[in-house]
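Just so it is clear, none of the values below were taken in a lab; they were calculated from the coordinates. Computed from a predicted structure; not experimentally measured. Here the Cβ is made from the backbone with ideal geometry for all residues, glycine too, and neighbour counts use every protein chain on show.
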Amino acid sequence: MQTETTSQTVQGSIRPMKSSRFAHVMSELKRNKHYYILMSPYMIIFFTFTVIPVVFSLILSFFYFNMLEFPRFVGWQNYSRLFLNDDVFMIALKNTFLFAVITGPISYIACFIFAWIINELSPKVRAFMTLIFYAPSISGNVFFIWLIVFSGDSYGYLNGFLMKVGFILEPIQWLQDEKYILPIVMIVQLWLSLGTSFLAFIAGLQTIDKSLIEAAAVDGIRNRWQELWFITLPSMRPQLMFGAVMQITASFAVADISIALAGFPSVNYAAHTVVTHLMDYGTIRFEMGYASAIATVLFGLMIGTNLLTQKLLRKVGE
């Protein structure tokens with residue numbers, strides 16, 4: 001009898017807690033309704049074109065769907081085929097990891113170093129240099145320049161230069177030899193990487209409070225490297241996080257550069273990436289269930305890498 005009374009008392013106390021929590025949430029919504037109204041257009045677009053497609057892709061990865069027949073549930077079959085029977089996907093996964101491991105950190109550090117150097121210039125020179133460094137990332141026909149540089153005949157700039165100085169006797173097929181294709185695509189990717197992250201770092205450096213630097217000098221900081229580690233980087237954590245997300249996404253999502261330079265598919269899949277593999281099955285073969293499994297794996301890789309990067313960035317300045 002006493003136990004029943006106690007349980008009724010506990011249940012009775014839980015209900016008011018739930019109702020009071022709900023009332024608190026509703027009061028917060030009413031109090032901040034203007035903010036939510038202003039955010040609603042973006043949130044509607046974000047959920048419609050980002051969240052909902054990701055959820056549908058995750059669900060569809062467990063089905064066989066060829067765009068003509070009704071989806072048929074196959075369980076883990078797409079994933080087992082992906083990792084156990086698809087040799088091309090394993091090549092694409094290896095190439096994508098190489099891209100992420102090499103171009104990701106290098107481009108991230110290069111963006112910050114160039115932004116740090118340019119920030120020390122006068123305002124007019126800084127604006128001009130920012131435009132010069134940012135321009136390649138927004139140039140539409142940038143691939144044609146590199147196609148001329150790495151052309152496989154003697155009229156290609158690189159072949160012409162090497163033949164003129166006597167390093168080679170005949171032209172090298174740079175974009176047809178699998179030894180050179182992946183490094184060339186990485187070079188072009190690095191050249192194009194000074195984009196949004198670079199601008200974010202420039203903006204972050206402009207917003208650092210100068211009084212912090214003066215106070216740090218009083219506290220014992222004697223050189224620019226100490227100032228960078230203890231003042232500049234901790235003050236730029238939001239920009240550093242944003243830049244990391246952008247660079248990681250760009251390094252994992254390489255496709256256009258590979259297709260423009262090496263073709264689709266490239267020689268022996270030397271420049272094949274997870275995204276080009278996804279395009280192959282999603283837009284050419286129309287195996288949408290299998291393509292959704294590829295997209296889900298890529299999404300998981302990006303999320304895991306971003307979480308690891310956030311954990312590392314929290315230690316900056318410690």
Kindly state, to the nearest 0.05, the FRET efficiency for K210 paired with Y134, given R0 = 35 Å and r defined as their beta-carbon distance. 0.90
Quick one: compute the contact order of the chain, relative version, from alpha carbon pairs under 8 angstrom and 6+ residues apart, as a percent. 26
Please sort 62-69, 42-49 by packing, taking for each peptide the average over its residues of neighbouring beta carbons within 10 angstrom, highest first. 62-69, 42-49
Pairs of lysines 8 or more apart, or on different chains, with alpha carbons under 28 Å: count those in the chain, would you? 8
So, in nm, how far is label S154 from label M43 when the simple model puts each one 7 Å beyond its Cα toward the Cβ? 6.7
Enumerate the amide H contacts of Y64 below 5 Å, restricted to partners 5 or more residues apart or on another chain; note that Pro and chain-start residues carry no placed amide H. R72, F73, V74
Between 0 and 90 degrees, rounded to the nearest ten: what's the tilt of helix 2-31 against the longest Cα principal axis of the chain? 50
Can you give the FRET efficiency for E120 and L312, using 1/(1 + (r/R0)^6), R0 = 30 Å, r = Cβ-Cβ distance, to the nearest 0.05? 0.70
May I ask for log10 I(q)/I(0) of the chain at q = 0.07, 0.11, 0.13 Å⁻¹, from a Debye sum over the Cα atoms as equal point scatterers with solvent left out? -0.46, -0.95, -1.14
Point-charge dipole on Cβ atoms (K/R +1, D/E -1) for the range 100-218, about Cα centre, debye to 20: 260
Can you compute the modelled spin-label distance between F143 and Q77, with each label point 7 Å from Cα toward Cβ, in nm? 3.5
Extension length gain for V51 and Y36 (0.36 nm per residue less Cα distance), in nm, is 3.6 nm
Here the gain from full extension of I59 to A203, 0.36 nm per residue of separation minus their alpha-carbon distance, amounts to 47.9 nm
Potential extension, L29-F299 segment - 0.36 nm per residue separation minus Cα distance: 94.0 nm
